[in-house]
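To start, the structure under review is shown below, and the notes come after it.
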Amino acid sequence: MKTELVASLRQGLEGQGPTLSGRWIVAYSGGADSTALLMAMSELYGEEGTLVALHANHGLHPDARHWQAHCQARCDVLNVPLVTENLTVEAGPGLEARARSARYEFFRRQMGAGDVLVLAHHREDQLETTLLRLLQGRGIMTMGSIRGLGSGHLVRPLLNCSKQALVDYLQDRGVDWLEDPSNTDVTHDRNYLRHRVLPGLMQRWPDMANSFGRVSQDARAQEGLLQEFTASLADRTPADQLPEGTGARRIWLRHYLAHRAHFAVSDKKLDEFLRQIADSGRGRLGLEAGYALECWRGHLYYREGEPRGVPRANTLALGEHVPWGARALWLEPCARTDAFAFACQGALSLQSVEQAKALGLVLPSKLKNRFQSAGIPPWERGEYPVLISNHRVVCLPGVWINPALGSVSAEPHGRLSRGDAGAQGEVRWGRATLR
């Protein structure tokens, strides 16, 4: 019975993987590679009860339901829970990239704190990816062995294993697997490279995969230095972190975005983003899955491209926390002389700026200038919270306070704060610091 694959898997996980504090999650398509990975992971960790499989049903083939049932049956035999999701991917140009983006977004949503997603990419996958990126003009950045994903990490522990080692492992155990007919469709770039180009190259240079593997190891080590730096950067980071020179900036952006699971950004789009920044200091780069990278007033913002949406109406009481989009608001007592202190009678309610406009409420004059002074990016302004009492705008936290309400001394004074949900003590909103 062959054990080489299990030993290689253990070595790959121990040598490159993060410390596990959650679950092992296997991306399982039912093909030979992911089937071998799932079974080997089951041998290593199946008894611990921390192993889960994910299956993305793209719905692009008539047998997609059969494939999902096959995966479920295999997981039942191994006693491994399987989580499936039906994805929506439109046919047409760029199908591979859209399917991949949808699949990784599914993976991202499933990741809990401390979870580790394990992928079955092997040595030949590394070779294909490196060549394909080079031919498409997207640089020679190799597959990373580990990176963050959602609340956990993604690892590829089999990059030093051959495809044949995976197949041998399955055949030795008499285990079958699925064959996706689209894998032979040479209209897809990767399949063309795999079936039409690489066979001739490997006939001429039989050790080509091993040679690329050694080069890739060196490249990954170099990339690791940059990834370690870019991984420490927040979704809002100073634009002066960008190095000098277009080439260096392009590489920096690639790693910054790769850490956030965006791999298919072309040089053309990156160069256009950098040109916008150079011309006006403002730029926008649209990304997969509805995300975007913005540059505004000297900072880069990685964000969801579409608004999250906020509650249509809320009341706010002293000491109460109210969810607001991805954050929370709360009202706390303060001295009358404190910044953004106010006092008023009657119930307090919340609306967004756009909702307040629709209700005909009078907002402060020169609101755009006030937002700019407070450092509020344009894409956040429509959803910015507005505190209302008796059909009058009381304040926009960190931006404006109604002067008629700031001097009343007969009522307890309060101050509206906005920050991360559950945050305590000092919070920041734009350039304003509130307590």
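None of the figures in this text is laboratory data; all of them are computed from the coordinates on show. Bear in mind the structure is a predicted one, so any value in this text is a computation, not a measurement. Note that we place each Cβ from the backbone using ideal geometry, even for glycine, and neighbour counts take in every protein chain shown.
For this structure, a couple of remarks:
- Hydrodynamic analysis of the range 1-119 uses the Kirkwood radius over alpha carbon pairs. Inserted into Stokes-Einstein at 4 °C and 1.567 mPa s, it gives a translational diffusion coefficient of 86 µm²/s.
- For Lys163, the lysines whose Cα falls under 18 Å of its own Cα, not counting residues fewer than eight places away in the same chain, are Lys2.
- Kirkwood analysis of the range 39-93, using all unique Cα-Cα pairs, places the hydrodynamic radius at 12.4 Å.
- For the chain, modelled as a GNM whose springs connect Cα atoms under 10 angstrom apart, the maximal fluctuation among Arg275, Arg98, Arg392 occurs at Arg392.
- Rounded to the nearest 5, the antiparallel percentage of DSSP beta bridges internal to the chain is 75%.
- On the basis of the beta-carbon distance and an R0 of 35 Å, Gln171 and Thr246 show a calculated FRET efficiency of 0.10.
- Debye, to nearest 20: dipole size of the range 235-304, +1 on Lys, Arg Cβ, -1 on Asp, Glu Cβ: 40 debye
- Cα-based convex hull volume of the range 244-392 per residue, rounded to whole Å³: 153 Å³
- Bridgeable aspartates and glutamates around Lys368 (alpha carbons under 16 Å apart, same-chain partners fewer than 8 residues away excluded): Glu354, Glu380, Glu383.
- With each label modelled as a point 7 angstrom along the Cα→C-beta vector, the Val83-Phe229 pair spans 3.5 nm.
- Ratio of Rg to Rh over the range 4-227 (Cα coordinates, Kirkwood Rh, two decimals): 0.94
- When the charge dipole of the chain is built from unit charges on Cβ atoms (+1 for Lys and Arg, -1 for Asp and Glu) and taken about the Cα centre, the candidate among Leu37, Pro397, Ala239 whose Cα reaches farthest toward its positive end is Pro397.
- Computed over the chain, the per-residue total of -39500 (n - 2.57) for DSSP H runs of n ≥ 4 gives a 222 nm mean residue ellipticity of -11500 deg cm²/dmol, rounded to 500.
- Convex hull volume of the range 235-304 per residue (C-alpha atoms, cubic angstrom): 75 Å³
- A simple spin-label model places pseudo-atoms 7 Å from Cα toward Cβ; at Leu367 and Arg336 they are separated by 3.0 nm.
- Total charge dipole magnitude, the chain, about the Cα centre, Cβ charges on Lys, Arg, Asp, Glu only, Debye to nearest 20: 1660 debye
- The chain - Debye-derived log10 I(q)/I(0), Cα point model, q = 0.07, 0.08, 0.09 Å⁻¹: -0.46, -0.59, -0.71
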